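Here's the structure, in structure tokens; my notes come after.
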Amino acid sequence: MNKNISIQSLKNNEYMLWEEKEMKKHPDYDNLAIYIDINMKTLELVNLDNNSVLKRYLIATGKAKTPSPIGNWTITEKARWGKGFGTRWMGLNVPWGKYGIHGTNNPSSIGRPASHGCIRMQNKDVEDLYRYVKVGTPVNILGGTFGPFGNGFKVLVPGDRGADVFEVQKRMKRMGYYPGYIDGIYGEGMKAYVIKFRKDNGLSLSHNIDLEFYKALNIYLFE
């Protein structure tokens, strides 16, 4: 028998027993959601039965060049990665990259835009949160006044990825202009559909998704 596999199986079994015990201790385990406010640098654990805030933590979010993923997501995995990810990891189902909620070995970064897009927490806080949530817990990340566009439009170019690209792809698909996979990535395959949309709507020819493009998609910013 492979000794490493045997040790890992034992650890997995210990974790399953531990989580089962935690579930019994928290009767609202199946009725929780996480709300993250990027601007306020806060994470709230909410009881969906009565919309009460059970926990509130200070967090670190993504830098301007590597923003946190705005949108509605789900926790898809729980693990203990260690090192720069601190003592706990909770992965999210964001299609354009690897994002999660995790601890940190740099506690001074908490309260600032300091990550590559993940949500950082103090290790003691992420360990506390980890006890309550499970795979399947919904996570809503808010990033500004304008939903997936955060604090306003930006010009999108090939190679960009994020919630704004994700929203543009959804709108183009609804209008019959994007047959591809909605993944929030402005890749090579999307360029031809952008050009077709611009031609059909009398826009200047460019690969950019700019203000006139948003307008032709009937996407407007309202406070």
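One table, with the values for the structure above:
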item	result
Scan of region 99-112 for residues that are assigned to a strand (DSSP E or B) and touching a residue at least 60 places away in the same chain (Cβ under 8 Å), ordered by number	101
Total residues in region 89-98, condition in a loop (DSSP other than H, G, I, E, B) and either in contact with a Phe, Trp or Tyr (Cβ under 8 Å, 6 or more places away or on another chain) or touching a residue at least 40 places away in the same chain (Cβ under 8 Å) (or both)	5
Single residue of 195, 219 found to be in a loop (DSSP other than H, G, I, E, B), more than 17 Å from the chain's Cα centre (by Cα) and either farther than 26 Å from residue 91 by Cβ or among the hydrophobic types (A, V, I, L, M, F, W, C) (or both)	219
Candidate set: region 113-128, residues that are open to solvent by less than 50 Å² (accessible area, probe 1.4 Å), part of a helix (DSSP H, G or I) and not hydrophobic (A, V, I, L, M, F, W, C); chosen: the one nearest to residue 42 (Cα to Cα)	125
Of residues in region 147-161 being surrounded by 15 or more Cβ atoms within 10 Å (Cβ to Cβ) and farther than 16 Å from residue 210 by Cβ, the one modelled with the highest pLDDT	161
Any chance residue 10 is open to solvent by 50 Å² or more (accessible area, probe 1.4 Å) and either touching a Lys or Arg at 6+ places or on another chain (Cβ under 8 Å) or modelled with pLDDT under 90 (or both)	yes
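Results for (1) under 27 Å from residue 109 (Cβ atoms); (2) free of Cβ contacts under 8 Å to residues at least 24 places away in the same chain, shown as yes or no for each residue.
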| site | (1), (2) |
| --- | --- |
| 127 | yes, no |
| 130 | yes, no |
| 155 | no, no |
| 161 | yes, no |
| 193 | no, yes |
| 206 | no, yes |
| 209 | no, no |
| 218 | no, no |
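The values are calculated or read from the model by the stated rules, or taken from the named source; none is laboratory data. Worth saying up front: this structure is predicted, and the values here are computed from it rather than measured. Positions of Cβ are generated from backbone atoms using ideal geometry, with glycine treated the same way; all protein chains shown enter the neighbour counts. Ligands, DNA and RNA are excluded from the accessible area calculation, which covers all protein heavy atoms including side chains. Shrake-Rupley method; radii C 1.70, N 1.55, O 1.52, S 1.80 Å.
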